[in-house]
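Worksheet: one structure, shown below.
The values are calculated or read from the model by the stated rules, or taken from the named source; none is laboratory data. Keep in mind that what you see is a predicted model, and the values were worked out from it rather than measured. Every residue, glycine among them, receives a Cβ derived from its backbone with ideal geometry; neighbour counts consider all protein chains shown.
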Amino acid sequence: MAKKEKAAKGNDKVVALLNRIMESELAGVVRYTHYSLMVFGYNRIPIISWLRGQADESLAHAHKAGELITHLGGHPSLGIGPLLETHNHDVGDILRESLAHEGAALQLYRELLKEVGGVSVMLEEYAREMIYTEELHLGEVDKMLRKPGDVAAFVER
């Protein structure tokens with residue numbers, strides 16, 4: 001196999017992974033927008049503000065993935081990742097669903113890092129930056145799921 005063909009084959013796998021990332025991030029836009037519309041109660045304003053910020057950030061992440069796809073000569077997907085509608089709109093339920101969504105996104109970025117490690121500094125740095133960001137999100141959601149005064153990490157019971 002020629003060097004150019006081998007590189008193109010490697011790019012195909014990376015582009016496919018970046019498309020899965022983009023689809024996941026676009027699902028996050030829909031998910032967080034929906035959640036922001038379903039929050040009621042005394043603390044609604046700060047919670048919807050945070051959720052809408054998450055939707056905006058997911059869109060920015062989708063743009064980044066799409067730009068990398070076209071950088072590699074790929075075609076960005078028009079698809080969207082899975083959308084879970086549990087019809088449970090308690091803030092705790094929303095946060096637990098967010099925790100699962102962020103965890104799945106983190107796994108995709110880790111897959112990307114594994115795939116591009118030692119091959120592309122640009123893609124390695126992108127994957128590391130996104131892993132850092134997703135780990136921060138997971139930490140934020142974990143803290144929001146704790147009862148006031150709890151210091152230990154949230155554990156689903």
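Check ALA65, ALA104 and return the single one that is of a type in the set (A, V, I, L, M), in a helix (DSSP H, G or I) and either buried (at least 17 other Cβ atoms within 10 Å of the Cβ) or without any contact (Cβ under 8 Å) to a residue 60 or more places away in the chain (or both). Write out each step before concluding.
Values: ALA104 fails: either buried (at least 17 other Cβ atoms within 10 Å of the Cβ) or without any contact (Cβ under 8 Å) to a residue 60 or more places away in the chain (or both).
Every option except ALA65 fails the conditions.
Applying the selection to the stretch 109-126, what residues are within 17 Å of ASN11 (Cβ to Cβ) and part of a helix (DSSP H, G or I)? Before the answer, list the steps.
Going through the stretch 109-126, the residues within 17 Å of ASN11 (Cβ to Cβ) turn out to be 111-124, 126.
Answer for the stretch 109-126, where residues must be within 17 Å of ASN11 (Cβ to Cβ) and part of a helix (DSSP H, G or I): GLU111, LEU112, LEU113, LYS114, GLU115, VAL116, VAL121, MET122, LEU123, GLU124, TYR126.
Here are some conditions: (1) among the aliphatic types (A, V, I, L, M); (2) more than 28 Å from LEU17 (Cβ to Cβ); (3) touching a residue at least 24 places away in the same chain (Cβ under 8 Å). ALA152 meets all but one. Which one does it not meet?
Of (1) among the aliphatic types (A, V, I, L, M); (2) more than 28 Å from LEU17 (Cβ to Cβ); (3) touching a residue at least 24 places away in the same chain (Cβ under 8 Å), only one is false for ALA152: (3).
Being touching an Asp or Glu at 6+ places or on another chain (Cβ under 6 Å), crowded, with 17+ Cβ neighbours inside 10 Å and at pLDDT 95 or above narrows it down to one residue among SER120, SER77; which is it? Write out each step before concluding.
Working: SER120 fails: touching an Asp or Glu at 6+ places or on another chain (Cβ under 6 Å).
The conditions single out SER77.
Go through (1) farther than 23 Å from HIS34 by Cβ; (2) of a type in the set (Lys, Arg); (3) assigned to a helix (DSSP H, G or I) for LYS147 and report which single condition fails.
(3)
Confirm whether GLU23 is of a type outside the set (Phe, Trp, Tyr), surrounded by 17 or more Cβ atoms within 10 Å (Cβ to Cβ) and out of contact with any helix residue (DSSP H, G or I) (no Cβ under 6 Å at 6 or more places or on another chain).
Working: of a type outside the set (Phe, Trp, Tyr): yes; surrounded by 17 or more Cβ atoms within 10 Å (Cβ to Cβ): yes; out of contact with any helix residue (DSSP H, G or I) (no Cβ under 6 Å at 6 or more places or on another chain): yes.
So GLU23 passes the test.
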